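Each value in this text was obtained by applying a stated rule to the coordinates, not by laboratory testing. This one's a predicted model, so the numbers in the text were calculated from it and none came from an experiment. Cβ coordinates were reconstructed from backbone atoms using ideal geometry, including for glycine residues, and neighbour counts include every protein chain displayed.
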Amino acid sequence: MRAEIINGDTVLCYDLKSVNVYEQRTFTSLKQKKSYNKLKRDVLKVYPYAKLAGEKLLEYESRMNSLKNDREKKKFLKQVEQDLQDEFGAELTNLSITQGTILLTLIDRETGDTSYELVKQLRGTISAFFWQSLARLFGHNLKDSYDADGDQEMIEDIILRIENGEYSMTESDAEKRVMIPTPHMEPRSN
């Protein structure tokens with residue numbers, strides 16, 4: 001606490017933490033509720049990887065800038081790729097396609113670069129073109145950027161709730177199945 005003297009009086013001052021208030025989610029149907037819970041489960045699963053990827057990319061970028069020539073950079077990238085494969089390869093190969101797509105979206109959110117730009121920076125233009133072509137075959141676009149107010153609005157909402165402690169990434173399986181209240185529905189009359 002700090003004290004300020006105002007008109008001869010000592011006033012104690014204390015800065016309060018900011019509080020975020022969210023509108024309670026309401027769903028028009030059980031299908032919509034299940035869809036949100038599935039998205040929440042997927043985001044909770046991949047968000048730690050996206051945070052880690054953002055941190056690692058910043059670390060690797062600064063180390064890459066300190067290397068002298070392309071040969072050293074290539075050798076460094078190969079070693080980093082092998083280390084990441086050893087550490088996370090098994091976990092990431094078990095992700096569903098939807099979870100992988102969300103992960104790429106969240107990496108874009110964390111780094112500010114699209115997946116295409118990251119692959120192009122780290123692996124080169126030809127590799128980026130190849131992966132973009134493959135993604136397009138499956139209806140995805142690595143050049144899409146994160147849009148918190150548009151397509152990824154629900155993902156952004158879930159992330160903000162995670163960051164503010166409303167949703168925990170260490171929840172047990174039973175707790176992950178959040179029981180979000182649905183609007184009261186009148187029984188159907190025959």
Worksheet entry | Only listed residue being within 23 Å of Leu58 (Cα to Cα) and in contact with a Phe, Trp or Tyr (Cβ under 8 Å, 6 or more places away or on another chain), chosen from Thr101, Thr105, Thr125, Thr111 | Thr105
Discussion item. So for the stretch 21-28 (the condition being surrounded by 10 or more Cβ atoms within 10 Å (Cβ to Cβ), aromatic (Phe, Trp, Tyr), in a helix (DSSP H, G or I) and out of contact with any Ser or Thr (no Cβ under 8 Å at 6 or more places or on another chain)), does at least one residue qualify?
Written reply: no
Worksheet item: Do we find that Tyr49 is closer than 23 Å to Glu163 by Cα, surrounded by 10 or more Cβ atoms within 10 Å (Cβ to Cβ), in contact (Cβ under 8 Å) with a residue 12 or more places away in the chain and of a type in the set (Phe, Trp, Tyr) in this structure?
Response: yes
Fill in: Any helices (runs of 4 or more DSSP H) falling wholly within the stretch 59-166 and containing at least 2 residues that are free of Cβ contacts under 8 Å to residues at least 40 places away in the same chain, among the acidic types (Asp, Glu) and surrounded by fewer than 17 Cβ atoms within 10 Å (Cβ to Cβ)
70-93, 153-163
